[in-house]
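K.L.:
One structure coming up, written as structure tokens, with questions to follow.
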Amino acid sequence: MSKRIYVLLFILLCLCRFLPARAQEDIETRVEGILSTLTLRQKIGQMNQLNARKPDEKLYQQIRDGEVGSILNAEDPVLLNRLQQIAMEECNARVPLLFARDVIHGFKTIFPIPLGQAASFNPEIVEKGARVAALETSEKGIRWTFAPMMDISRDARWGRIAESFGEDTYLSGVMGMAMVRGFQGDDLADPTSIAACAKHFVAYGAVEGGRDYNVSYIPERQLRKTYLPPFERSIREAGCATLMTSFNSNDGIPPSANRFLLRDLLRDEWGFDGVVVSDWASVSMMIRQGFCEDRKDAARKSALAGLDMDMTSECFVDYLEELVREGDVPESVIDQAVRNILRLKFRLGLFSNPYTDLSKVSCMYAPAHLEAARQAAAESFVLLKNTGNLLPLSRDIRSVAVIGPLADAPHDQLGTWCFDGEKEMTRTPLQAIREQYGDQVTIHYAPGLAFSREQSVTGFDAAIEAAQQAEVILLFIGEESILSGEAHCLAGLDLVGAQAELVDAMKATGKPLVTIIMAGRPLTMGKQLAQSDALLYAWHPGTMGGPALAGMLWGETAPSGKLPVTFPAHVGQIPLYYNQERIGRPANRKELLLDQIPQEARQSSLGNTSYYLDAGFDPLFVFGYGLSYTTFTYSGLTLSREELSPEETLKVSVTLVNTGSREGTEVVQLYISDLYASVATPEKELKDFCRVTLKPGESRMVEFELPVENLSLWNIDMQRVIEPGKFDLMIGGNSRDVLKASFRVK
Ligand code: BGC
């Protein structure tokens with residue numbers, strides 16, 4: 001009897017293993033079936049994505065004629081169902097439309113900006129946030145979003161750094177994959193799953209001068225080493241369903257028409273079988289970029305290169321039919337693109353379930369969603385200074401002054417790229433402090449400035465008076481949400497408006513000063529850091545930023561975030577990132593600065609090292625930096641072996657002790673340095689990290705496993721190999737203060 005059960009179980013297991021392959025085969029058969037029924041015009045229609053405009057007879061007719069495959073930016077489910085009905089019942093192609101929308105860090109419940117989420121070094125909260133976003137987004141009938149953005153961002157002037165996971169390739173890969181998993185869930189066909197889109201392919205974060213839509217010059221080795229891995233991992237390891245090409249031409253070629261990127265690399269090397277969509281009119285933009293003669297040429301070049309869907313430029317729908325008839329684009333190219341699109345629609349279950357269920361109870365702002373957003377916000381905060389353990393605030397404090405333009409700015413704390421988040425639902429720090437601690441402390445509120453860019457100081461008197469009445473000042477400054485994000489770049493990174501003067505005025509009161517910065521990017525705030533007794537970097541924390549901040553200021557939670565990007569001391573130091581390639585004359589702290597050079601000094605090479613006379617070489621804060629309310633020490637770094645071969649795995653352990661008097665969470669970071677190779681390698685590179693929570697006095701042996709294959713590099717012949725040689729391994733709580741040990745690879 002039991003033997004029979006075992007046999008049955010065995011058969012069941014075999015079937016389960018066989019099922020995904022079978023399902024995929026089924027999808028391929030159905031894709032071919034549909035493809036064979038479509039006219040050339042209808043096939044090209046699938047490759048056309050339109051921006052939702054006011055629905056009119058023209059749009060209905062285009063759908064009826066099979067000239068539209070996807071629509072972005074509509075979010076009324078009644079309208080979406082109506083459009084879908086036209087596609088399914090009034091068009092003889094009978095292919096469902098796919099509705100898309102930018103849901104970058106939340107649909108209604110807004111999570112911290114992605115840069116803030118990256119600071120958590122916690123992929124679980126990123127995945128949870130994307131799951132919440134998927135539940136809320138899919139409720140409207142939208143099944144595709146244009147996130148995660150995984151552009152490596154090393155320039156805080158670029159407004160879109162807010163949408164990124166920062167400067168590090170490994171961290172961006174881990175966080176990008178987590179976001180993909182959250183959006184797509186376990187099964188894309190589940191009506192609550194939405195297809196993710198890895199963007200912007202590629203090197204968009206490297207645009208010159210941090211100016212949006214500009215050019216980049218990233219050569220292939222640097223692409224493969226730094227910019228491509230997050231995309232590759234999100235596709236190969238997390239199954240990201242779609243990908244978006246970027247606006248920037250890289251080394252003279254716009255990615256929307258780059259055959260090497262879209263065919264050789266993406267399809268042949270990585271085996272991607274999802275959809276590649278252009279960015280907004282990036283196809284027709286190639287005319288201005290000097291890469292195409294006209295819209296027809298743009299349609300030809302991008303289709304031949306392997307672009308599947310044209311977002312809004314309508315070059316495909318206007319010209320591809322003609323180009324096929326004239327023999328300039330083979331119909332097989334169209335067929336291949338349409339296969340990718342139909343495959344995605346099958347995977348999303350749209351053929352069997354094209355409509356949105358309007359009778360469902362809404363899950364927008366569900367308590368669990370708000371709680372996840374609060375937790376994500378709390379984990380995103382980075383404590384940068386805490387003199388005399390001013391934070392958390394003592395329970396003996398009876399009065400606080402709440403000052404600054406971001407203390408009660410429900411719109412601005414949501415951050416960039418929020419189409420659907422509502423300020424009426426945002427909980428600000430002022431509200432939360434009143435609700436959570438209003439019965440324990442007297443709150444003196446005076447913003448000083450109405451918004452971050454305000455120049456008028458007429459509100460200062462009231463702010464000074466409020467400060468004078470309080471025991472501690474809580475000063476909320478930074479950037480309005482509109483100062484970062486797409487097309488919002490800055491040449492300077494200092495506080496805008498009269499905020500620096502507001503800090504001066506607060507400092508002059510002599511009261512203990514806690515500064516909380518809400519911003520979409522690193523700001524150069526060295527002076528304000530020096531003036532503050534404590535400084536907490538809160539990014540744009542989203543809907544629940546207020547409760548998360550209040551809870552942290554009063555010590556219900558403790559900071560555990562770490563900087564996902566280097567903070568420059570001076571804007572002129574950019575680009576400044578921790579994993580730069582080794583140079584021959586690194587700065588060594590013996591450098592003379594501007595004021596130290598004697599008058600009429602003779603020509604000399606000074607320190608002969610790489611630095612600025614006026615800004616030195618140190619950043620304000622290094623990558624990975626962040627304090628907690630407790631302290632940690634590292635000791636006893638031990639490697640399992642001194643020499644390994646490429647197929648082996650190095651085991652690493654280190655002892656972490658909580659040496660303070662409060663519980664805390666530390667992000668333990670593991671870096672590698674390849675000391676000699678056939679090509680120059682970075683000073684150090686993050687290879688792993690983990691979060692460890694310890695009670696006061698508790699110690700833990702933290703262990704990592706590092707497969708030697710993770711040390712591969714793109715060698716002088718552009719092959720991915722592991723080169724023998726000596727490596728340093730470093731572990732610490734940031735990228736500078738580390739313990740070091742060495743090993744060799746045979
Ligand atoms: C942005 C994309 C975005 C698209 C659709 C473009 O301007 O670059 O990131 O997904 O618009 O809204």
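The values are calculated or read from the model by the stated rules, or taken from the named source; none is laboratory data. This structure is a prediction, so every number in the text was calculated from the model and none was measured. Glycine gets a Cβ as well: all are built from the backbone with ideal geometry, and neighbour counts include every protein chain shown. Quick note on the areas: whole protein, heavy atoms, side chains included, nothing else; ligands and nucleic acids left out. Shrake-Rupley method; radii C 1.70, N 1.55, O 1.52, S 1.80 Å.
K.L.:
Do the conditions hold for Gly584, that is, is it open to solvent by 70 Å² or more (accessible area, probe 1.4 Å) and among the small types (Gly, Ala, Ser)?
P.N.:
In short, yes.
K.L.:
Could you tell me whether the stretch 733-746 includes any residue that is free of Cβ contacts under 8 Å to residues at least 12 places away in the same chain and over 23 Å from Ile152 (Cα atoms)?
P.N.:
Initial filter on the stretch 733-746 (free of Cβ contacts under 8 Å to residues at least 12 places away in the same chain): 737.
Checking the rest, the ones that are also over 23 Å from Ile152 (Cα atoms) come to 737.
So far as the stretch 733-746 goes, yes, one or more of its residues are free of Cβ contacts under 8 Å to residues at least 12 places away in the same chain and over 23 Å from Ile152 (Cα atoms).
K.L.:
Also, I was wondering about something else. For the stretch 365-396, which positions are open to solvent by less than 60 Å² (accessible area, probe 1.4 Å) and either modelled with pLDDT under 95 or more than 19 Å from Pro547 (Cα to Cα) (or both)?
P.N.:
Leu384, Lys385, Asn386, Leu390
K.L.:
Could I ask something else about it? Restricting the search to the stretch 556-575, which residues are open to solvent by 20 Å² or more (accessible area, probe 1.4 Å) and among the small types (Gly, Ala, Ser)?
P.N.:
Ala558, Ala569, Gly572
K.L.:
Okay, next question. Evaluate the stretch 47-54: report whether one residue or more is of a type in the set (A, V, I, L, M), exposed (fewer than 15 other Cβ atoms within 10 Å of the Cβ) and more than 16 Å from the ligand (Cβ to nearest atom).
P.N.:
So far as the stretch 47-54 goes, no, none of its residues is of a type in the set (A, V, I, L, M), exposed (fewer than 15 other Cβ atoms within 10 Å of the Cβ) and more than 16 Å from the ligand (Cβ to nearest atom).
K.L.:
Turning to a different aspect of this structure: Within the bounds of the stretch 184-194, is there any residue that is open to solvent by 10 Å² or more (accessible area, probe 1.4 Å), over 14 Å from the mean Cα position of the chain (by Cα) and within 16 Å of the ligand (Cβ to nearest atom)?
P.N.:
Among the residues of the stretch 184-194, not one is open to solvent by 10 Å² or more (accessible area, probe 1.4 Å), over 14 Å from the mean Cα position of the chain (by Cα) and within 16 Å of the ligand (Cβ to nearest atom), which makes the answer no.
K.L.:
Still on this structure, please answer the following. Mind listing whichever residues of the stretch 623-645 are touching a Phe, Trp or Tyr at 6+ places or on another chain (Cβ under 8 Å) and open to solvent by 70 Å² or more (accessible area, probe 1.4 Å)?
P.N.:
Scanning the stretch 623-645 gives Arg641, Glu642, Glu643.
K.L.:
Between a residue in the stretch 324-347 that is within 15 Å of Gly45 (Cβ to Cβ) and any residue that is open to solvent by 60 Å² or more (accessible area, probe 1.4 Å), which pairs come within a Cβ distance under 6 Å, given they are 6 or more apart or on different chains?
P.N.:
Val324/Glu331
K.L.:
Here's another thing I want to ask about it. Quick check on Glu643: is it touching a Pro at 6+ places or on another chain (Cβ under 7 Å), among the acidic types (Asp, Glu) and in contact (Cβ under 8 Å) with a residue 24 or more places away in the chain?
P.N.:
So Glu643 does not fit the description; no.
K.L.:
Can you confirm whether the stretch 572-595 contains a residue that is closer than 24 Å to Glu480 by Cα and touching a helix residue (DSSP H, G or I) at 6+ places or on another chain (Cβ under 6 Å)?
P.N.:
Looking through the stretch 572-595, none of the residues is closer than 24 Å to Glu480 by Cα and touching a helix residue (DSSP H, G or I) at 6+ places or on another chain (Cβ under 6 Å).
K.L.:
Identify all residues within the stretch 230-244 that are crowded, with 20+ Cβ neighbours inside 10 Å and part of a helix (DSSP H, G or I); write none if there are none.
P.N.:
Across the stretch 230-244, the qualifying residues are Pro230, Phe231, Arg233, Ser234, Ile235.
K.L.:
Okay, moving on. Could you please let me know if Gly415 is in contact (Cβ under 8 Å) with a residue 12 or more places away in the chain, touching a strand residue (DSSP E or B) at 6+ places or on another chain (Cβ under 9 Å) and open to solvent by less than 40 Å² (accessible area, probe 1.4 Å)?
P.N.:
Judged against the criteria, Gly415 is a match.
K.L.:
In the list Gln669, Gln580, Gln573, which residue meets the criterion of being touching a residue at least 12 places away in the same chain (Cβ under 8 Å) and touching a Gly at 6+ places or on another chain (Cβ under 6 Å)?
P.N.:
So the residue among Gln669, Gln580, Gln573 that is touching a residue at least 12 places away in the same chain (Cβ under 8 Å) and touching a Gly at 6+ places or on another chain (Cβ under 6 Å) is Gln669.
K.L.:
Right, another one. Go through the stretch 100-124 residue by residue and tally those that are outside any loop (DSSP other than H, G, I, E, B) and open to solvent by 10 Å² or more (accessible area, probe 1.4 Å). Outline the logic, then answer.
P.N.:
Start the filter on the stretch 100-124 by keeping residues that are outside any loop (DSSP other than H, G, I, E, B), which leaves 100-101, 114-119, 123-124.
Applying the additional criterion that residues be open to solvent by 10 Å² or more (accessible area, probe 1.4 Å) yields 101, 123-124.
Of the residues in the stretch 100-124, 3 are outside any loop (DSSP other than H, G, I, E, B) and open to solvent by 10 Å² or more (accessible area, probe 1.4 Å).
K.L.:
A follow-up question, please. Please find, among Phe260, Phe247, the residue that is free of Cβ contacts under 8 Å to residues at least 60 places away in the same chain, within 15 Å of the ligand (Cβ to nearest atom) and either in a strand (DSSP E or B) or farther than 22 Å from Leu342 by Cα (or both).
P.N.:
Selected residue: Phe247, the only one of Phe260, Phe247 that is free of Cβ contacts under 8 Å to residues at least 60 places away in the same chain, within 15 Å of the ligand (Cβ to nearest atom) and either in a strand (DSSP E or B) or farther than 22 Å from Leu342 by Cα (or both).
K.L.:
Considering only the stretch 210-225, I want to know if a residue exists there that is outside any loop (DSSP other than H, G, I, E, B) and of a type in the set (Asp, Glu).
P.N.:
yes
K.L.:
Could I ask something else about it? What is the number of the single condition among (1) away from the ligand (no atom under 16 Å from the Cβ); (2) hydroxyl-bearing (Ser, Thr, Tyr); (3) closer than 18 Å to Thr145 by Cβ that Tyr60 does not meet?
P.N.:
(3)
K.L.:
Right, something else. Taking the conditions exactly as written (assigned to a loop (DSSP other than H, G, I, E, B) and of a type in the set (A, V, I, L, M)), does Ala93 satisfy them or not?
P.N.:
yes
K.L.:
Any idea which of Tyr227, Tyr213 is open to solvent by 10 Å² or more (accessible area, probe 1.4 Å), within 14 Å of the ligand (Cβ to nearest atom), in contact (Cβ under 8 Å) with a residue 60 or more places away in the chain and not β-branched (Val, Ile, Thr)?
P.N.:
Answer to the selection: Tyr213.
K.L.:
Now, a different point. Of everything in the stretch 587-622, what is surrounded by 15 or more Cβ atoms within 10 Å (Cβ to Cβ) and under 23 Å from Glu167 (Cβ atoms)? Give them in sequence order.
P.N.:
Hits for the stretch 587-622 are Ala587, Thr609, Tyr611, Tyr612, Ala615, Gly616, Phe617, Asp618, Pro619, Leu620, Phe621, Val622.
K.L.:
Here's something else I'd like to know. Of all residues in the stretch 121-151, which are under 17 Å from Ala376 (Cα atoms) and within 16 Å of the ligand (Cβ to nearest atom)?
P.N.:
Hits for the stretch 121-151 are Ala130, Ala133, Pro148.
K.L.:
Also, quick follow-up: Return the residue satisfying two criteria in turn: it lies in the stretch 55-77 and is of a type outside the set (Asp, Glu), in contact with a Ser or Thr (Cβ under 9 Å, 6 or more places away or on another chain) and within 18 Å of Gly141 (Cα to Cα), and of such residues it is most open to solvent (accessible area, probe 1.4 Å). Spell out the reasoning first.
P.N.:
First pass over the stretch 55-77, keeping only residues of a type outside the set (Asp, Glu): 55, 58-64, 66, 68-74, 77.
From what is left, the residues that are in contact with a Ser or Thr (Cβ under 9 Å, 6 or more places away or on another chain) are 66, 72, 77.
Now drop any that are not within 18 Å of Gly141 (Cα to Cα), which leaves 72, 77.
Values: Leu72: 2, Pro77: 22 Å².
Only one residue tops the list, namely Pro77.
K.L.:
Tell me, yes or no, whether the stretch 463-472 has at least one residue that is in contact (Cβ under 8 Å) with a residue 12 or more places away in the chain and within 16 Å of the ligand (Cβ to nearest atom).
P.N.:
No, the stretch 463-472 contains no residue that is in contact (Cβ under 8 Å) with a residue 12 or more places away in the chain and within 16 Å of the ligand (Cβ to nearest atom).
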